[in-house]
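A short worksheet on the structure shown next.
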Amino acid sequence: MTPRSSPVWLVLVGIVSVQLGAGFAKLLFDEVDPTMLVWLRLATSALVFAVVARPLLRGHSRDDWMVVIGFGACLGLMNWAIYQSFARIPLGIAVTIEFVGPLTLAMLSSRRGRDLAWVALAALGVAALGLERADLDPVGVAYALLAGAAWAGYILLSARTGQRWAGISGLTVASVVAACALLPAALLADADALTSPRVLAIGLAVGLLSSVVPYSCELVALRTLPAATFGVLMSLEPAAAALVGIAVVGEELAALQWVAVGCVVVASAGATRAGARLGGPVPD
């Protein structure tokens with residue numbers, strides 16, 4: 001592995017890791033409520049980041065705190081919503097629909113009319129999902145759209161948080177905020193899960209795979225990898241989710257659904273190369 005290729009491989013490792021975490025989590029939805037699994041994931045990442053970053057909490061203004069709290073709210077909402085979607089529709093389809101959020105944000109930040117073609121291609125892909133005879137739970141689709149909207153908010157607040165909080169301090173505080181906000185719902189959904197050492201170990205593994213490993217890989221990769229290249233690589237997320245869905249969960253996609261995934265992947269890559277960045281760590 002050459003020095004030039006290593007950051008690319010780090011991003012790819014992060015993509016595979018986050019989708020494997022989602023796949024393994026979905027296998028446990030019959031045993032552990034998705035809300036509890038999301039909380040365990042967030043709590044794990046918050047704990048690890050806190051130990052590593054040791055964020056300095058003093059010296060921040062009220063506006064700094066409002067931004068990072070909003071960042072944490074988006075972080076918690078997008079993770080909770082996408083897991084609710086995973087519980088109802090295949091991984092690849094959920095992530096494909098979710099990608100509409102950051103892609104739309106990228107297009108809104110572009111001032112070139114021809115970039116609307118990428119939005120049209122993504123819309124065509126999502127529409128193709130509705131043409132497939134296989135039934136899609138509308139609630140699962142709605143949750144995926146909610147996760148995409150939260151992801152768009154996450155991207156916007158991620159940039160503002162980075163301007164106000166040093167290093168990964170902002171992400172650490174946001175992770176704590178998200179975990180604390182989701183705790184009551186997790187306890188109501190499946191409090192008994194916290195008494196099981198096995199479930200706690202699974203939650204730790206999902207947290208490491210879905211949050212800690214991918215973010216660490218991206219953080220190192222972005223030191224040398226151009227933002228545009230990073231964005232194009234991140235566009236592989238829907239395809240990676242679909243492949244993990246097949247390999248881990250046994251979720252076969254129909255031909256038209258693969259066409260839909262391909263449309264969104266190409267649209268995301270094209271939007272990024274056109275200059276609109278799909279930013280932020282992977283949320284799934």
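Considering only Cα atoms, the convex hull volume of region 8-47 works out to 57 Å³ per residue. Each of Leu200, Leu108, Leu42 has its accessible area taken with a 1.4 Å probe; listed largest first, they run Leu108, Leu200, Leu42. Across all Cα pairs in region 53-203, the calculated P(r) in 5 Å bins from zero up to the longest distance comes to 2, 9, 14, 15, 16, 15, 13, 9, 4, 2, 1, 0 percent per bin.
Take the chain with all the other protein chains still there, run a 1.4 Å probe, and you get 45 Å² of accessible area per residue.
Only DSSP H runs of four or more residues enter the estimate; each adds -39500 (n - 2.57), and after division by the residues of the chain the mean residue ellipticity at 222 nm equals -23500 deg cm²/dmol.
Of the solvent-accessible surface of the chain, computed with a 1.4 Å probe over protein heavy atoms with every protein chain present, carbon and sulfur atoms account for 67 percent.
Coordinate range of the alpha-carbon atoms in region 193-246 per principal axis, descending: 45, 28, 10 Å. Highest mean first, the peptides 95-102, 171-178, 118-125 sorted by other C-beta atoms within 10 Å per residue fall in the order 95-102, 171-178, 118-125. Under the criterion of Cα pairs below 8 Å and six or more residues apart, the relative contact order for the chain equals 41 percent. The trypsin sites (Lys or Arg not before Pro) of region 1-104 that meet both conditions, a loop assignment by DSSP and at most 11 other Cβ atoms within 10 Å of the site Cβ, are Arg4, Arg58. In region 134-262, the alpha-carbon atoms span a convex hull of 161 Å³ per residue.
Based on alpha-carbon centroids, what's the gap between region 154-184 and region 36-93 in Å, whole number please? A separation of 7 Å, based on Cα centres. Dividing the Cα radius of gyration of the chain by 2.2 N^0.38 Å, with N the residue count, gives 0.96. Here the chain is assigned +1 on the Cβ of each Lys and Arg and -1 on the Cβ of each Asp and Glu. Its dipole about the Cα centre then comes out at about 1200 debye.
The values are calculated or read from the model by the stated rules, or taken from the named source; none is laboratory data. What you see is a predicted model; the values in this text were computed from it and never measured. Please note: Cβ atoms are built from the backbone with ideal geometry, for glycine as well, and neighbour counts cover all protein chains shown. Quick note on the areas: whole protein, heavy atoms, side chains included, nothing else; ligands and nucleic acids left out. Shrake-Rupley method; radii C 1.70, N 1.55, O 1.52, S 1.80 Å.
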